[in-house]
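Trainee: Please find one structure pasted underneath; my questions will follow.
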Amino acid sequence: MPSDQNVRIAPAEGKLGVLIPGTGAVTTTFIAGLEAFKRDLGKPIGSLTQLGTVRLGKRTEGRSPAIKDFVPLANMSDLEIGCWDIYEDNAYDAAVKAGVLEMGLLDQVKEPMSAIRPMKAVFDQNFVKKINGPNIKSGGTKMDYAEMVMDDIRQFQKRTGVARTTMIWCGSTEVFHEAAKVHATLKDFECGLHHDDPEISPSQIYAYAALKSGVSYANGAPHLTCDTPALLELARDMNLPVSGKDYKSGQTFMKTLIAPGLKSRLLGLNGWFSTNILGNRDGEVLDDPGSFRSKEVTKSSALEHILQGDLYPDLYKEFYHKVRIEYYPPRGDAKEGWDNIDIFGWLGYPMQIKINFLCRDSILAAPLVLDIVLFMDLAQRAGMRGIQEWLSFYFKGPMHAPEVYPEHDIFIQLMKLKNTLRWMRGEELITHLGLEYYD
Ligand SMILES: NC(=O)c1ccc[n+]([C@@H]2O[C@H](COP(=O)([O-])OP(=O)(O)OC[C@H]3O[C@@H](n4cnc5c(N)ncnc54)[C@H](O)[C@@H]3O)[C@@H](O)[C@H]2O)c1
């Protein structure tokens with residue numbers, strides 16, 4: 001039986017505010033889901049927090065509670081959503097335009113979704129090239145914009161009466177930038193905000209405003225945002241959790257399922273070619289080479305880290321890895337991904353695997369948004385601060401401490417997540433040794 005709770009976790013009392021920059025396909029599919037569940041119009045398929053269990057103790061004990069009964073999570077019905085976007089469409093209109101969900105469902109949740117109107121966005125076309133819209137803040141320095149977002153957060157909290165708040169980025173992918181001098185320390189960053197440093201992106205302004213307001217921050221896109229010393233310093237100072245980057249929903253999810261399997265059987269890899277077609281607004285933004293480069297980086301790193309060519313030079317030293325995304329409007333959100341995997345076995349004999357994943361981007365991403373916000377809130381109530389590596393399970397480019405490599409293997413990630421929950425509750429960690437059954 002549990003020794004005791006390892007960590008003091010404040011109860012999940014009151015409502016949880018979820019603030020989302022970006023009111024596009026993923027956000028509106030997430031919100032429509034929350035409203036649909038309240039009306040019993042569907043189930044939160046794909047959500048570990050809602051449908052997952054966690055085994056405790058020995059296999060003979062038969063203890064496998066639901067995760068949501070094991071750790072104190074906010075209820076889905078206690079979430080209050082606030083959003084920003086560069087377009088003025090309310091969440092219902094944005095969902096209709098995104099074209100992910102059928103009108104039959106959307107019309108049943110029209111009233112609450114129409115009431116969610118995006119706040120004016122912090123936007124800079126140097127960071128997202130392919131779109132522009134009227135609903136943006138203007139007339140200030142980057143520090144002024146951060147203060148405007150802090151004001152938005154205060155107004156939202158006052159209006160909704162939420163007890164706690166978390167922020168999660170579901171906005172467009174910003175163009176690829178490495179951390180610059182302005183990201184070295186919090187002092188440099190604040191100075192850069194005052195002086196409109198061109199290396200500070202809109203997502204970093206939201207993240208700064210969130211952390212300054214005592215709000216945790218998760219990044220669903222591949223760009224840097226909090227993955228810089230300056231914002232990590234702020235998260236630590238404020239005792240706040242951060243996590244990211246880039247939801248692991250479609251092709252990379254498949255990749256991190258298959259690659260550990262090949263490695264487990266010591267099958268070699270000559271090459272892995274991945275391509276996608278998608279036609280939603282995300283696809284349009286990613287049609288810009290700068291935004292695509294951000295994606296390419298998070299999409300490309302998984303294989304190298306899982307296969308560990310240095311440890312297995314005969315199998316994985318030289319493989320060729322290519323990732324492509326093609327914008328193809330007729331498909332909308334119904335993405336199609338192809339993977340051609342050239343592997344080799346005994347005596348080097350070649351074989352091939354083909355994957356054709358006909359998926360729905362936002363249907364896969366929405367449950368990840370739900371889980372991330374509930375776990376980020378849990379982490380904050382448990383006093384956990386800085387990078388939440390145990391949430392790597394959800395991300396294509398997991399944030400990690402500088403001295404370790406990122407863990408991409410989805411099975412290790414899941415074990416890490418569940419062991420973190422066990423650890424929080426003072427339960428024995430599961431090693432899968434199991435010798436005791438044969439004593
Ligand atoms: N499966 C998935 O759908 C998936 C997987 C991994 C990552 N992502 C990432 O999640 C994000 C959202 O995806 P989506 O399909 O909903 O895209 P989307 O284009 O439908 O929505 C993004 C919204 O963000 C808005 N936006 C852009 N810049 C903004 C800013 N500075 N402030 C506020 N709003 C801003 C856009 O106007 C747009 O409405 C993208 O970055 C995408 O790359 C999605």
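The values are calculated or read from the model by the stated rules, or taken from the named source; none is laboratory data. Keep in mind it's a predicted model, so treat the numbers as computed, not measured. Here the Cβ positions follow ideal geometry from the backbone for every residue, glycine too, while neighbour counts run over all protein chains shown. The area values use the complete protein model at the heavy-atom level, side chains included, leaving out ligands, DNA and RNA. Shrake-Rupley method; radii C 1.70, N 1.55, O 1.52, S 1.80 Å.
Trainee: Within region 239-246, does at least one residue satisfy the condition of being in a helix (DSSP H, G or I), within 13 Å of the chain's Cα centre (by Cα) and touching a residue at least 60 places away in the same chain (Cβ under 8 Å)? Steps first, answer last, please.
Mentor: Step one: list which residues in region 239-246 are in a helix (DSSP H, G or I), which gives none.
Checked against the condition, which is being in a helix (DSSP H, G or I), within 13 Å of the chain's Cα centre (by Cα) and touching a residue at least 60 places away in the same chain (Cβ under 8 Å), region 239-246 yields no hits at all.
Trainee: Find the residue count for region 197-231, including only residues that are over 20 Å from Thr165 (Cβ atoms) and either free of Cβ contacts under 8 Å to residues at least 12 places away in the same chain or more than 16 Å from the ligand (Cβ to nearest atom) (or both).
Mentor: Of the residues in region 197-231, 4 are over 20 Å from Thr165 (Cβ atoms) and either free of Cβ contacts under 8 Å to residues at least 12 places away in the same chain or more than 16 Å from the ligand (Cβ to nearest atom) (or both).
Trainee: Could you list, ordered by first residue, the pairs with Cβ atoms under 8 Å in which the first is in region 280-302 and under 17 Å from Thr225 (Cα atoms) and the second is of a type in the set (Ser, Thr, Tyr) and within 7 Å of the ligand (Cβ to nearest atom), at least 6 apart or interchain?
Mentor: What qualifies is Ser291/Ser172; Ser291/Thr173; Ser294/Thr173; Lys295/Thr173.
Trainee: Follow-up. So, in region 1-49, exactly how many residues are of a type in the set (A, V, I, L, M) and more than 16 Å from Leu79 (Cβ to Cβ)?
Mentor: Total meeting the criteria: 8.
Trainee: Determine whether region 251-273 contains at least one residue that is among the hydrophobic types (A, V, I, L, M, F, W, C), touching a residue at least 24 places away in the same chain (Cβ under 8 Å), touching a Cys at 6+ places or on another chain (Cβ under 6 Å) and under 29 Å from Leu16 (Cβ atoms).
Mentor: The first filter runs over region 251-273 and keeps only residues among the hydrophobic types (A, V, I, L, M, F, W, C), leaving 253-254, 257-259, 262, 266-267, 269, 272-273.
Adding the requirement that they be touching a residue at least 24 places away in the same chain (Cβ under 8 Å) leaves 253-254, 257-259, 262, 266-267, 269, 272-273.
From the residues that got through so far, the ones that are touching a Cys at 6+ places or on another chain (Cβ under 6 Å) too are none.
So far as region 251-273 goes, no, none of its residues is among the hydrophobic types (A, V, I, L, M, F, W, C), touching a residue at least 24 places away in the same chain (Cβ under 8 Å), touching a Cys at 6+ places or on another chain (Cβ under 6 Å) and under 29 Å from Leu16 (Cβ atoms).
Trainee: Considering each of Asp246, Asp288 in turn, give the residue that is within 16 Å of the ligand (Cβ to nearest atom), open to solvent by 10 Å² or more (accessible area, probe 1.4 Å) and among the acidic types (Asp, Glu). Before the answer, list the steps.
Mentor: Working: Asp246 fails: open to solvent by 10 Å² or more (accessible area, probe 1.4 Å).
Among Asp246, Asp288, only Asp288 is within 16 Å of the ligand (Cβ to nearest atom), open to solvent by 10 Å² or more (accessible area, probe 1.4 Å) and among the acidic types (Asp, Glu).
Trainee: Quick check, is Met148 within 16 Å of the ligand (Cβ to nearest atom), assigned to a helix (DSSP H, G or I), among the aliphatic types (A, V, I, L, M) and under 29 Å from Leu374 (Cβ atoms)? Show your work before the answer.
Mentor: Numbers: within 16 Å of the ligand (Cβ to nearest atom): yes; assigned to a helix (DSSP H, G or I): yes; among the aliphatic types (A, V, I, L, M): yes; under 29 Å from Leu374 (Cβ atoms): yes.
In short, yes.
Trainee: Condition first: open to solvent by 20 Å² or more (accessible area, probe 1.4 Å), within 16 Å of the ligand (Cβ to nearest atom), not aromatic (Phe, Trp, Tyr) and not in a loop (DSSP other than H, G, I, E, B). Can you find one or more residues in region 69-77 that meet it?
Mentor: No: zero hits.
Trainee: Sort through Lys120, Lys187, Lys130, Lys158 and tell me the only one that's open to solvent by 40 Å² or more (accessible area, probe 1.4 Å), within 10 Å of the ligand (Cβ to nearest atom) and not in a loop (DSSP other than H, G, I, E, B). Outline the logic, then answer.
Mentor: Working: Lys187 fails: within 10 Å of the ligand (Cβ to nearest atom); Lys130 fails: not in a loop (DSSP other than H, G, I, E, B); Lys158 fails: within 10 Å of the ligand (Cβ to nearest atom).
Criteria check complete, one pass: Lys120.
Trainee: Could you tell me how many of the residues in region 327-352 are surrounded by 14 or more Cβ atoms within 10 Å (Cβ to Cβ) and under 16 Å from Thr275 (Cβ atoms)? Quick ask: steps written out before the conclusion?
Mentor: Going through region 327-352, the residues surrounded by 14 or more Cβ atoms within 10 Å (Cβ to Cβ) turn out to be 327-328, 331-344.
Cutting the leftovers down to under 16 Å from Thr275 (Cβ atoms) gives us 327-328, 331, 334-342.
Matching residues across region 327-352 total 12.
Trainee: Among the listed residues Tyr87, Tyr145, identify the single one that is within 12 Å of Thr28 (Cβ to Cβ) and of a type in the set (Ser, Thr, Tyr).
Mentor: On the way: Tyr145 fails: within 12 Å of Thr28 (Cβ to Cβ).
Exactly one residue qualifies, and that residue is Tyr87.
Trainee: Of the residues Ser274, Ser300, which single one is open to solvent by less than 20 Å² (accessible area, probe 1.4 Å) and either in contact with a Lys or Arg (Cβ under 9 Å, 6 or more places away or on another chain) or not acidic (Asp, Glu) (or both)? It would help to see each step written out before you state the result.
Mentor: On the way: Ser300 fails: open to solvent by less than 20 Å² (accessible area, probe 1.4 Å).
Step by step, each of Ser274, Ser300 is checked, and only Ser274 is open to solvent by less than 20 Å² (accessible area, probe 1.4 Å) and either in contact with a Lys or Arg (Cβ under 9 Å, 6 or more places away or on another chain) or not acidic (Asp, Glu) (or both).
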